[in-house]
Structure formats: C-alpha cells, structure tokens
1. So how tilted is helix 2-13 from the main axis of the chain? Cα-based, degrees 0 to 90, rounded to 10.
2. Taking H placed 1.01 Å from N in the peptide plane, check which residues at least 5 places from Y96 or on another chain put their amide H under 5 Å from its amide H.
3. Could you state the number of Å between the C-alpha centres of region 32-52 and region 63-122?
4. Just from its helices, what would the mean residue ellipticity at 222 nm be for the chain, if runs of 4 or more DSSP H residues each count -39500 (n - 2.57) and the sum is divided by every residue, rounded to the nearest 500 deg cm²/dmol?
5. Would you work out the charge dipole size for the chain about its Cα centre, treating the Cβ of every Lys and Arg as +1 and the Cβ of every Asp and Glu as -1, and quote it to the nearest 20 debye?
6. Select from G43, S91, G175 the residue farthest towards the positive end of the dipole of region 31-241; place +1 on Cβ of Lys and Arg, -1 on Cβ of Asp and Glu, and compute about the Cα centre.
7. Would you grab the residues whose amide H sits under 5 Å from the one on Y208? Only those 5+ places off in sequence or on another chain, please, with H modelled 1.01 Å from N.
8. When all alpha-carbon pairs of the chain are counted, what percent fall beyond 25 Å?
Amino acid sequence: MQKLLVITVMMAFATPGCLDGFKESFVSCDNITGECKYEILRGNEYSRLHIEVNYVTGNAPDSDALNLLKQRIKEVTDKSTVTVSQSSFGSTDNSYTLEEIVDLEASERTEFKGGNTFVVHILYLNGEFSDNSQALGIAYSGTSFVMFKEKIEDASFLLISSKDIEKAVIVHEFGHLLGLVNKGYQSPHDHEDPDHPHHSNNEESVMYWAIESQDIGNQLDGQPPNNFDEYDLDDLSLLKQGKL
Ligand SMILES: [Zn+2]
C-alpha cells in the first residue's frame with residue numbers, strides 16, 4: 001500500500017509540465033553570466049521582462065539611465081513589456097567583495113523568473129569593488145549585475161557627465177547578460193578585443209572594455225557610446241534566431 005502510494009505520487013509528478021519544472025531547476029542559466037541570453041532575448045518562454053533594482057540609500061539609479069536600458073531591451077529582445085521596480089536598503093560598508101555582492105543580492109532580491117516573466121536584478125552600491133577599484137559595474141551571474149554609483153560619479157569630468165557614463169555602464173552590463181561578446185557562442189564577426197575578453201574591439205560600441213572602467217575618460221574621445229554596434233546587434237539577432 002505504501003509502495004503503491006509512492007508510485008502514484010511519482011506518476012502524478014511525471015507529467016510533462018512538471019518535468020519542465022525539474023529541468024529548469026537542475027539546468028539553470030542563472031549561475032553563469034551570459035547563459036540566460038536566450039531566455040532574455042526571446043519572447044516565447046518569457047514574454048515579459050522585469051528589472052528589480054535594490055540600491056544603497058543615496059545611490060539610486062538615474063531615471064534616464066533606467067529608461068535608456070528599457071529602450072535598449074525593447075530594441076534588441078522580443079519582450080512585449082519591460083517593467084522596473086526599485087527599493088533602497090542601508091549599508092555601512094564601502095568596499096565590496098564578490099561574495100558580499102552575491103550575499104547582498106540574496107538578502108535584498110525578492111523577484112525571480114516565473115510564469116511569463118523573466119527577472120533581471122541590478123544592485124546599485126556605494127563605495128567600490130574590493131578586487132578592482134576601477135570597476136564601474138560588474139555582471140556576475142546569468143541574471144544580475146552591480147553598478148558602483150559613487151565610482152560612476154567620480155569618473156565624470158569636464159565634458160562628460162556622470163549621467164552619460166551611467167547610461168553607458170548600465171547598457172554595457174546588460175549586454176554581458178546577453179552574452180556579448182563571445183560568451184557561450186562564437187560570433188561570425190571578428191569583434192572581440194583579444195586583450196579584454198568578452199569585450200568589443202570597437203570603441204564606438206557600448207561593449208568596449210573601458211566603458212566599465214574608471215579610466216573611461218582617458219580611453220575615449222568624447223561621449224561614451226550607449227548603444228550596441230552593428231556586429232553586436234547582428235550577434236544578438238543570430239542568437240535570437242537560433243543561428244548561434
Ligand atoms: Zn564589460
């Protein structure tokens with residue numbers, strides 16, 4: 001009787017829908033940067049995208065930067081709707097290790113993919129990344145990245161505002177979640193910078209390495225690009241179509 005019950009329960013779970021659920025939890029894209037590119041780019045599995053932002057008090061995202069990110073997402077993905085929510089939290093730290101960043105996401109993040117909605121998480125921190133004080137942003141998982149708001153403000157100079165830098169960094173980090181450049185795929189175009197893996201060799205692409213570095217002002221002439229170049233866009237289009 002006991003055995004029969006177990007078998008019945010297992011049979012009940014072994015419907016195709018539940019198997020998909022098991023598969024999702026075992027083979028998750030969430031742990032590796034760029035691995036969720038298909039889920040983010042395509043609209044068949046998740047037709048909507050939600051962006052959850054948690055920021056350290058006083059380090060809120062710039063609304064124009066968030067709006068630009070939403071616009072870029074609409075341009076390059078098949079998502080029908082892109083929404084944003086944000087909330088603040090306190091922090092007494094001002095230098096963060098990757099482990100601390102991951103822990104902060106775990107304690108602050110409340111939204112995860114489910115139903116027809118994929119969720120991307122953005123942490124906005126004060127202070128700096130302990131392993132690289134030049135970092136303006138880091139994409140560290142399949143669905144999440146961090147922005148260092150005070151470093152972005154420090155990187156501004158005479159002709160380039162922190163707002164313009166923030167717009168470029170937020171699109172750049174999102175580009176890494178999409179797999180740019182050559183993260184888990186091989187582009188037909190020769191546009192990866194050999195000296196800076198997974199970055200574009202074109203300084204007019206938002207995926208140029210210096211976009212996420214405090215040295216941005218010395219590395220670029222004029223405004224930082226906040227859009228993908230034609231090779232980036234072609235990669236994204238081919239990935240979306242399943243040709244890469
Ligand atoms: Zn980068």
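The values are calculated or read from the model by the stated rules, or taken from the named source; none is laboratory data. Model, not experiment: these values are computed from the prediction. Note: ideal-geometry Cβ built from the backbone for every residue, glycine included; neighbour counts use all protein chains shown. These accessible areas exclude ligands, DNA and RNA; they are computed on the full protein's heavy atoms, side chains included. Shrake-Rupley method; radii C 1.70, N 1.55, O 1.52, S 1.80 Å.
1. Result, in degrees: 40.
2. For Y96, whose amide H was placed from the backbone, the distant partners under 5 Å are E128, F129, S130.
3. Here the two parts' Cα centres lie 13 Å apart.
4. -11000 deg cm²/dmol
5. Numbers: 18 positive and 40 negative charges, 283 e Å.
About 1360 debye.
6. Highest projection toward the positive end goes to G43.
7. Amide H to amide H, under 5 Å and 5 or more residues apart or across chains, Y208 pairs with S200.
8. That tail contains 43 percent of the Cα-Cα pairs.
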